[in-house]
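The values are calculated or read from the model by the stated rules, or taken from the named source; none is laboratory data. It should be emphasised that the depicted structure is a prediction, and the values quoted were computed from it without experimental measurement. As a convention, Cβ positions derive from the backbone with ideal geometry for all residues, glycine included, and neighbour counts pool all protein chains shown.
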Amino acid sequence: MNAPILWIVIPFMIGILTLLFIRERLPALIGGVATGILALIALAFPIDTALLLGSISIKISPSIQFFGRSFELNTADSPLLVIIYGLSALWFLGTEASGTANRFVSLGLMIVALLTASIAVEPFLFAALLLEMAAMLVIPLLVPPYQKPGRGVVRFLIYQTLAMPFILFSGWMLAGVEASPGDLGTTTLASTMLGLGFAFLLAVFPLYNWIPMLMEEASPYETGFLLWVLPTFTVIFALGFMDHYAWLRTSAKLSNAIQFAGVFMVASGGIFAALQRHIGRILGYAAIAETGLLILIIGLRSSEIVTITFLTLIPRGLELIVWALALSIIKRQAYSLRFTAVRGLARSYPVAVAALILAHLSMTGFPMLAGFPARLAIWQELANQSLVTSFWVFFGMLGLLAAAIRTLAVFVMADDDKKWSVNESWMQITMLGLGVTGLFILGLFPQILQPFLANLPSLFDHLGQ
Amino acid sequence: MIVDVISWAAVGLILVTSTTILINRAWRVSLGALAVQYIAVFWLVTRHLPFVMSSAKLITGWMVVAVLGMTCMGLTDLEYDEEDLFWLRGQWFRAILMGIVALITVGSTLRVEASIPGLGLPVIAGGMLLIGAGVVHLGVTSDLLRVALGLLTMLAGFEILYAAVESSILVTGFLAIVNLSLGIIGSYLLTAGTSPLETEEEL
C-alpha cells in the first residue's frame, strides 16, 4: 500500500463515485466512515514501517512518482492526517443533521484529498496549484444549481485565483534571494509578492470582504467547511515557506509585518463581529479574527510556533463544525439569520442555540472551552514580545465576546408566554452534543492533544526545532 | 530573426485580442478573440517549453473557449448585452485603461529583462500585457462571463512568464487543469439559477 494512494487517491475516487452514483442519505455515512477509517489508519499504522499482522506483513510506503514529481507522506505527517481526516469525518457525519445537500460529502472528499496532496507534493511550492484546484471545487458547494451566484462567491474565485501566480512566482524568486541575500531589490519584490499571495489566500484585511458576503448568500454549513478547510491547509503551506527559506524565518521586518496583518485582522474581525445584526456574518467575522490569530502566531519570533499553531487549528475545526451545524439548524427554521428572524429561538431550539453560543464563546477564548488553552499560549508568547499587540488582540477578543452576548440576548428575547420545547431531531441533538462535549474535553483536558502536538513539529525541518 | 519577428507579431496579436475582449460586449467576439489569443500565447510559450507542452496549453485554451461558448449559446439573456452608460465602465474608459497597461508594459519590459535575464523581451511584453489586461478586466466588471475571461487572460499571461522559469510537466498539467476548471466553473456559474428545481436533493 502507498500513503499518497491511501490518503489522496482513494478519498478522491470515493468522492467521484458518490457524486455520480449514490443518492439519498448514503453519502454522509460513506464519507464519514471512509474519512474516519483513514484517520484510524493514520493513527494505527506508521508510514514506512513494516508491521506484522499474524502472518501478513504490511508496510505503507511513503511516496509515489507522478509526472516526474514526487508526492510524499512521511511518518511525520501521520498526526496531521489523523487531525484532518478525523475532523473531516465529523463534518461529513454532520451533513445529515444539517440538512445539507448530498454533494457536500462528494465534493468535500475531493477537496480534502486535493488539499492533502498539497502537503504531499514535492517541491512544496506546487501546493499553490492544488490549493487553487480545491478552491474551485468549493464553488459548486457554495452555489447550488438552482441559485444565482452572489458577489461573495465571485470575489472568492477571483482572490483565490490571483493568489496562485503570486505565490508561484515568489517561490521561484525566493530561491534567488537565498542564493544572493544582499540583493535588496529582489528581496523586496519576492517578499511583496509572497505577502500578496498569502493575503489573497488567507483573506487578509481588506481582502476578506467575501467571507461575510458568503455567510449571507450561501448555506452556513458549506461556508463553515470552507472557512475551516482552506485556511487550515494554507497555514500549513505558509509554515512550509517559513521552514524552507531561512531568510523568512530570520527577517525581523517581515515578522513585524506578519504580526501587524494578524493583529489588524483580529481587532477588525472582533469589532465588526460586535456590530453585526446577522448571526451568519458574525461567524464570518469570528473566522476572520481566528485566521488573524493564526497569522499572528506565524509572525511570532518563537520556537513554539508549530505547537501553538496546531493547538489553535484543532479546536478551530471543532468550533466551526458545531457553530455551522447550529446555524444550519436555525436557518432551516428561521429562513433568515438576521437578528429579527432568530429572536426568541432559544425556547424552541435550545440545543442548537446553546451549542452555537458555546462554540462562539470557545472562539473568544472562554475558560473551560476548547479555544482557551490556545489563547493562553498565545497570550503568554505575546506578552513577552509586545504589550501593544497584546492589547489589540484582547480588544478583538472582547469584540467577539460582545457579539456572543448580543447573540445570546437576541436568542432569549422571547415572549413570556412562549413555552420551552426541543424541536431538534435526535440526530441533530447527538451531533451537537458530541461537538459540545468535544469543546469541553479539549478545554478541560488539553493534554489529550499532547501526543499529536509533540510529533507535529517534526513536519518541519527548521521551525519549532 | 524570423522567430523574433513572429514573437513580436504574437505580442501585437495579444494587444489586439486582449483589447477586444476588454472593450467588446458581444460574447461571440470576446470568445473568438480569446481563441486567437491562445495561439499567440502558444507561440510565446514555445520560446521556453517544448512544442508538445505548449500545444497542450493551446488545446486546453480552446477547450475552455468551447465550454464557455456552448454555455453562452444556451443563455438567451446574454444576446442583448447593451453598452454600459456609466462612463467609468464604458468602452472609452476601458480603452484608456488598456493604453495605460500597454504603456506600463513598454516601460517595464526592459527592467524585467535586466533583473531576470534570458526570458526574452517578447515573452515579457506578452505576459505583462495579458496580466495587466486581465487585472483591468477584473477591476471593471462583475459580470460572470467577463470575470471568467479576465481570470483566463490573467492566467494566460502568467503562464507565458512562468513557462520561462519552470518547465515541469506536472506544473503544465496542473495549470491546464486550473484553466479547464476555470472554464467549467465559469460555465457553471453562468447557468446556475437559470433552471428550476428538479430533484429532491436540490431542495
Counting only helices (runs of 4 or more DSSP H) wholly inside the range A:123-225, the ones holding at least 1 residues that are out of contact with any helix residue (DSSP H, G or I) (no Cβ under 7 Å at 6 or more places or on another chain) and either more than 9 Å from chain B (Cβ to nearest Cβ) or crowded, with 22+ Cβ neighbours inside 10 Å (or both) are A:151-179, A:184-201
Within the range B:1-53, restricting to residues that are small (Gly, Ala, Ser) and free of Cβ contacts under 8 Å to residues at least 40 places away in the same chain, the one that is nearest to B:THR172 (Cα to Cα) is B:ALA35
Scanning the range B:180-194 residue by residue, those modelled with pLDDT under 90 and at the interface with another protein chain (Cβ under 7 Å from one of its Cβ atoms) turn out to be B:ALA192, B:GLY193
Expected single match for of a type outside the set (D, E, K, R) and at pLDDT 90 or above among A:LEU400, A:LEU456 is A:LEU400
Out of curiosity, is A:ASP77 surrounded by 20 or more Cβ atoms within 10 Å (Cβ to Cβ), of a type in the set (Asp, Glu) and either touching a residue at least 24 places away in the same chain (Cβ under 8 Å) or outside the structural domain of A:PHE310 (by TED's automatic domain parsing) (or both)? yes
For the range B:33-92 the number of residues that are basic (Lys, Arg) and either at pLDDT below 85 or under 16 Å from B:LEU144 (Cβ atoms) (or both) is 1
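Yes/no per residue for (1) under 16 Å from A:ILE330 (Cβ atoms); (2) of a type in the set (Ser, Thr, Tyr):
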site: A:PHE411; (1), (2): yes, no
site: A:ASP415; (1), (2): no, no
site: A:LYS419; (1), (2): no, no
site: A:GLU424; (1), (2): yes, no
site: A:GLN450; (1), (2): no, no
site: A:SER458; (1), (2): no, yes
If we keep only residues of the range B:134-179 that are over 25 Å from B:ILE116 (Cα atoms) and hydroxyl-bearing (Ser, Thr, Tyr), then the residue farthest from the other protein chains (Cβ to nearest Cβ) is B:THR141
Could you tell me whether the range A:412-425 includes any residue that is assigned to a helix (DSSP H, G or I), among the polar types (S, T, N, Q), assigned by TED's automatic domain parsing to the domain that holds A:ALA370 and surrounded by fewer than 21 Cβ atoms within 10 Å (Cβ to Cβ)? no
Restricting attention to the range A:281-307, the residues that are more than 19 Å from A:THR250 (Cα to Cα) and crowded, with 24+ Cβ neighbours inside 10 Å number exactly 12
Expected single match for assigned by TED's automatic domain parsing to the domain that holds A:GLU217, closer than 23 Å to A:ASP77 by Cβ and not β-branched (Val, Ile, Thr) among A:LEU313, A:LEU283 is A:LEU313
Residue within the range A:254-277 that is among the hydroxyl-bearing types (Ser, Thr, Tyr) and not in a helix (DSSP H, G or I) present: no
